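Read through the structure below, which is laid out as C-alpha cells, and then see the notes.
The values are calculated or read from the model by the stated rules, or taken from the named source; none is laboratory data. Here the structure is a predicted model, which means the values were calculated and not measured. Positions of Cβ are generated from backbone atoms using ideal geometry, with glycine treated the same way; all protein chains shown enter the neighbour counts. Note: areas computed on protein heavy atoms with side chains; ligands, DNA, RNA excluded. Shrake-Rupley method; radii C 1.70, N 1.55, O 1.52, S 1.80 Å.
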2 protein chains.
Amino acid sequence: MAKSGIEGDLQARNVLSSINGVAPLIMEVSAGLTGRWTGGHSSLDSMCSHALVPSGKMFRPILVLESALAVGGDARVVLPAAMGAESGHVASLVHDDIIDDDEIRRGKPSVQHQFGVDNAIVAGDALIFDLFLSLAECRKTGAADSRIVAAFDVVARRGIELCRGQIMEAEICERMDFDREAYLTMAGLKTASLFKGACECGALLGGGDDAMVEALSRYAENLGIAFQIHDDLLSYTRETGVMGKPDTSDVRNGRLTLPVILAYELGDSMDRLAITDGLSGEGDPTANRQALITILERTGALAGTERLAAHYSRQAVDALAGLPVTLSRERLARFAEEAIDRDR
Amino acid sequence: MAKSGIEGDLQARNVLSSINGVAPLIMEVSAGLTGRWTGGHSSLDSMCSHALVPSGKMFRPILVLESALAVGGDARVVLPAAMGAESGHVASLVHDDIIDDDEIRRGKPSVQHQFGVDNAIVAGDALIFDLFLSLAECRKTGAADSRIVAAFDVVARRGIELCRGQIMEAEICERMDFDREAYLTMAGLKTASLFKGACECGALLGGGDDAMVEALSRYAENLGIAFQIHDDLLSYTRETGVMGKPDTSDVRNGRLTLPVILAYELGDSMDRLAITDGLSGEGDPTANRQALITILERTGALAGTERLAAHYSRQAVDALAGLPVTLSRERLARFAEEAIDRDR
C-alpha cells in the first residue's frame, strides 16, 4: 500500500512535470525530511516520520525554491526553508485529519489513526516548531539575518491566517452557508496562506525586492485558491485509490466546497434539498456522494467549478508578469496550469 | 468565578512577590495579550482571548524580562518576546486540556470545553504561530537581527523538547513506570524546556554572552523541574477552588507524578497495589485521590517530594552564580524559592 521513501517520492514527483527544474533539490529536501526525525529518543520521531515520509507532492518546497530562483537568488540558501514549508504543511494535515476524523492520508493510516488523537496533536505541534527551526537553519546556508527575520514574520502571519481559514470553514459548514464569496475568502485563508508563506519566504530569503515579493504573493494567493478548487473537484471526480485520501471525507464532514455551492446556485428547490440532505452527515457517505455527483453533473456545477479553477490559475500566471523573465518564472507559470490538471 | 482582566491579573501577580521588579512591564504584557486578539474577523479571536485572558501567573514572561535585565539588557526590547512566551505556554495548556480532557482551566471553562475539541486544536496552533510572530516583533523594539534569529532557534528547539516531554509522559503513564529518573527526564522536557526557552531567549535578545545564556539555561532547567514537582504536589495538597484547575486531573489521567513514584518506592506491596489501583482510571476520582493522599502522607512521600523540589530550587539559585550581581539576579533567586511555595 504505502510506497517506500524514494519510490513514493518518485511517484509524487511524476504528478507534475514542471518541477523538473528543481528536482535534484527536491530530492535533497525529501532526503532531509526522511532523516530529520531519526536521532531522537522518543516515539515522537516515529510519529513525525510517519507523517512526513514518504513525501507528498512537495508543492510548498517547490514554491520556496522556485521563488528564490525567480528573484535571482540561490536555491541552496533556501533549502532548509523548503524543508520547513513541508513540515508546516504536514503539521496542518495531521491536525486536519483529527478534525475530519480521516483514517487515510497519502495512502496509509493517518497519524491519529495509527498513534491516537492525543499523540497526533503533539506530533502536529512538533512539526510546527520544526517549521521555525528549519527557517532558523538558513543561517547556515548563508541567508542574511534580516531576511531570515522577515521570513519568520511572514510565515508566522500566514500560519495564523491558515488557522483563521480552518475556523471559518467549520463555521461555513455549520451554518450550511452556500455563499461563494465566503468560500473564496476561506480558501484564500485555509489553502492560499501557506502557498503565500512559501513564495514570500523563498523570495525574501532569495534577496527579492518588495515588488518581487508582492508579485509572488499574488501568484501564490491565486494559485492557492485554484489549487483548493481543484482539490474540491477531485473529491467528486476521483476515487480514494487515486487520491490517497478518503473520497467520502468532504461528504461525511458536510464540507460546503465550490462544486456543491455552484450546484446549489444552479439547481432548483429539489436539488437544494437533495444537496443539503447529502451533506447532512446522515446516511451512507458513499451513497450520498454518488447522489451529489449526479446533481453536480446535471446542473453543470462541475464544469462551472473547472472554469473558476482555470480563472484563478490564469490570474496566478498573470501575477508573474512583475518578475524578470527566467526559467523559474516559466516553471511557476506551468506549475499553475498543472495544479488544476492533476489526479491527486 | 472568572475574574475580569485586570482584577484577575492582580490576583495572579500577588502569587509571587518577587515579580514586583518587572511588575509595570508585566502589566504591559498583560494588556498587550488582552488586546492582541480583538481585530480579527473570525471567532479564532474569541478562542485565543478566552485562553489568554485573564492572564495566569505570567511566570514565563517574567523569566524573559528578568533574564534580559540580568545580562545587562533592556527589558523593553524583549517585551514582544515576553508576550510570545505566554502565548506559547497557553498554546500548550490548550492542547494539554484536550489530551487530559480537563474542563476547567484558570477557574473557567477550558477552550475545548467552551468551543469544542476541533476549535481548540486550531486555537492552540494559532497561539504557537503567534509565539513566533511576537518574537519577530522584537525588530521594532530594537533587538539585533542576529539575536532574534538565535532566539527563534532556541525557542523552536525548546518547543520540540516540550513535545518530546508530552509524549514521554504519556508513555510513562501507559507503562505504569514508577521510575524516578524517567520522571525527572520527562519533567525536564515537558516543563523545564519552555522555562529554558524563556530564559535563553531573554538572555540572547538582551545581548548576553554565551556564559550568561548558559547560566540562565541551567537556572531555568532546575527551576522548571522544581516547579513541576511542586505542581505535582499541589494536585494532592490543594483543592480545585484554590488551583483553578481540577484537583482530580492527575488521578483521573493516571499520571505517574513524583509524589506517587516516591510512595511506590517507600511503600509495601499493599501500598503499591493501592497506588496502581488508584491511578487505574477506574472508580470515583475523588475517592481515589483521597485514598492516594492517605498513602502519600503515611509513607512520607509528600515530605520527600517537598525535599526534592527544594533541592532543585537550590540548584537553580546556585546556577545564578555565573551572572553579575544585579537586582534581577536577586529577584530570579527569590523567584526560584517562591516557585515551590505557592498555592496555584
Karplus 3J(HN,Hα) series, Hz, for the range B:293-307 with 6.51 cos²θ - 1.76 cosθ + 1.60 (x for Gly, Pro): 4, 4, 5, 4, 6, 5, 7, x, 5, 5, 5, x, 5, 4, 4
Percent accessible area from carbon and sulfur atoms, chain A, protein chains only, probe 1.4 Å: 51 percent
The range A:214-292 - Debye-derived log10 I(q)/I(0), Cα point model, q = 0.11, 0.20 Å⁻¹: -0.34, -0.87
Interface residues in the range A:101-126 - accessible area drops by 20 Å² or more relative to the isolated chain, probe 1.4 Å: A:118, A:119, A:121, A:122, A:125
Cubic angstrom per residue, convex hull over Cα atoms of chain B: 117 Å³
Inter-copy spacing of residue A:142 label points, which lie 7 Å from Cα along Cα→Cβ, given in nm from shortest upward: 3.5
Residue B:38/residue A:272 FRET efficiency (R0 35 Å; Cβ-Cβ; nearest 0.05): 0.40
Rotational relation B to A, axis-closest Cβ in chain B, residue and distance rounded to whole Å: B:145, 2
In the B-A interface, the accessible area buried, summed over both sides, Å² (probe 1.4 Å): 4100 Å²
Residues in the range B:164-185 that, when all protein chains are in place, have 40 Å² or more less accessible area than the chain alone would give (probe 1.4 Å): B:164, B:167
Other copies of residue A:276: label-to-label distances in nm, shortest first, labels 7 Å along the beta-carbon direction: 5.7
Residue-normalised accessible area of the range A:5-338, expressed per residue, 1.4 Å probe, Å²: 35 Å²
Solvent-accessible surface ranking, highest first, for A:245, A:108, A:140 at 1.4 angstrom: A:140, A:245, A:108
Nonlocal amide H pairs with residue B:104, under 5 Å, H built at 1.01 Å: B:110
Using a 7 Å Cα-to-Cβ projection, residue B:31 label spacings across copies, nm, ascending: 5.5
Chain A, relative contact order in percent, only Cα pairs under 8 angstrom and at least six apart counted: 20 percent
Mean projection area, nm², convex hull over Cα of the range B:172-249: 6.4 nm²
Accessible surface of residue A:270 - all protein chains present, 1.4 Å probe, nearest 10 Å²: 140 Å²
Candidate lysines - alpha carbon under 19 Å from residue A:57, same-chain residues fewer than 8 apart omitted: A:3, A:108, A:190, A:196, A:245
